[in-house]
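Data first, discussion second: the structure below is written as structure tokens.
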Amino acid sequence: MISARQLEVLSTVIEVGTTARAAELLAVSQPAVSNMIRHTEDTVGFALFKRKHGRLVPTKEAIHIAQEAQHLFMQQKRIDNIIDELRGGTIGRLSIVATPSIGHSILPRVLGHFIKRRPKLQLSIELGSVDEITRRLGSGRADLGLSITLPRHSAVNVREVGEGRLMCVCPADHELALMDRISVTDLNHVKHISYAANTPLGQAIDNVFSEHGLERQFFCEVRHTATALEMVRNGLGVALVDSFALMGPQADTIAIRPTHPSLPLKMHGITSKLFPTSNLTIQFQKYLADFLKNDGPPAES
């Protein structure tokens, strides 16, 4: 069987006509080229060149083989390009599962910038709880999970990709919009949209009320930040919303205020320990971390 290197030498000699010139182009010695030609002829069982006036004239069989080899060279070049693109994170498939507040807000914004230099990238985006994220990563159905809540599972790796905090959002004409900073316990005195006590956000807010000897009171219970934010936008009340959901332009129909005390949050990037993390996933995590840190797309070389 002829090797790819033999085909390369054969094609080069046919192109330039002499073993000396072919040796220069291939960066090898002239005897090495001559030996390769003789070895190739021995392999195929017939002559590939005839000498005429100091030049090597290829036989019809040699030309036919060289023509067929061009398809192989083109395919090899295509594979090399794909490897370079994969190494650079410009091609491939990225499957992300995010909690709703991240998936409805900051994630589409970040991806919009990320794929500008990666037009061949294929995406799969799903929304789900941190438990759903863990299940999908464990079964190999996702490359990356994004959540504010820390997963409680030993089969995943967790990396902090950004810091945020809960912010108070209210309709622009609401009385709380007149204040520079909102006390968390003051929410008991207004129509308050909040989270169930068994959710991480609900527990964090309950801790503040407990420290003041109070019990949190709210008229509407929701599970997701995205739901609370939409209810505020429709004038149904006041809510505490994670700052990741508020990144980017906001309609002037709502007011956003910091809280006292401050309620810090972290966004976590979650990957599986059972499957290798792709270079593309690693690149996107870094890009997301830089985006959150700069509140905008990072400069890319």
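The values are calculated or read from the model by the stated rules, or taken from the named source; none is laboratory data. All values reported here derive from a predicted model rather than from experimental measurement. When we count neighbours, we look across all protein chains shown, and the Cβ atoms used for this are built from the backbone with ideal geometry, even at glycine. To get the accessible areas, we keep the full protein, side chains included, count just its heavy atoms, and leave off ligands, DNA and RNA. Shrake-Rupley method; radii C 1.70, N 1.55, O 1.52, S 1.80 Å.
Before moving on, here are some points about what is shown:
- Built amide H within the under 5 Å cut-off of K266, gap 5+: G164
- Distant-in-sequence amide contacts of A255, defined by a placed amide H-H separation under 5 Å and a gap of 5 or more residues or a different chain, comprise C170, A172.
- Fluctuation leader among L146, L187, L72 - the chain, Gaussian network, Cα springs under 10 angstrom: L72
- Given charges at beta-carbon only (K, R positive; D, E negative), |dipole| of the range 229-301 in Debye: 260 debye
- Only Lys, Arg (+1) and Asp, Glu (-1) charged, at Cβ; the chain dipole about Cα centre in debye: 1400 debye
- All-pairs alpha carbon distance profile, the range 184-282, 5 Å steps from 0, percent: 2, 11, 20, 22, 16, 10, 7, 6, 5, 2, 0
- Options [x] 1.42; [y] 0.96; [z] 1.63 - which one matches Cα Rg over 2.2 N^0.38 Å as calculated here: [z]
- Of Q285, H174, V232, farthest towards positive along the dipole that unit charges on Lys, Arg, Asp, Glu beta carbons give the chain: Q285
- Amide H contacts of M167: V241, D242, S243, each under 5 Å away and 5 or more positions distant or on a separate chain (H built 1.01 Å from N in the peptide plane; Pro and chain starts excluded).
- Here the gap between A204 and R135, fully extended at 0.36 nm per residue and compared with their Cα-Cα distance, gives a gain of 22.3 nm.
- Whole-Hz ³J(HN,Hα) from phi, Karplus 6.51 cos²θ - 1.76 cosθ + 1.60, for the range 32-37, glycine and proline x: 5, 5, 4, 5, 5, 5
- Rounded to the nearest 10 degrees, the angle from helix 200-211 to the longest Cα principal axis of the chain is 30 degrees.
- Environment charge of R51, counting only residues whose C-beta is closer than 14 Å and scoring Lys/Arg +1, Asp/Glu -1: +3
- Alpha-carbon centroids, the range 273-295 and the range 89-150: separation in whole Å: 10 Å
- Phi angles across the range 142-153 convert, under the Karplus curve 6.51 cos²θ - 1.76 cosθ + 1.60 with θ = phi - 60°, into 3J(HN,Hα) values of 9, 9, 8, x, 10, 7, 7, 7, 6, x, 10, 8 Hz, Gly and Pro given as x.
- Lys/Arg +1, Asp/Glu -1 at C-beta; the range 17-59 dipole; positive extreme among S34, V44, T18: T18
- Solvent-accessible area per residue, Å², over the chain with all protein chains present [probe radius 1.4 Å]: 54 Å²
- For the range 253-301, the Kirkwood estimate of the hydrodynamic radius, built from every pair of different alpha carbons, is 13.9 Å.
- Distance (nanometres) between label positions extended 7 Å along Cα→Cβ at D80 and L123: 3.3 nm
- Computed over the chain: relative contact order in percent, which uses C-alpha pairs under 8 Å that are six or more apart: 21 percent
- Computed FRET value (nearest 0.05) for E211 with T277, which takes r as the C-beta separation and R₀ as 35 Å: 0.30
- The Cα atoms of the range 1-152 cover 78, 29, 26 Å along the three principal axes, with the biggest extent listed first.
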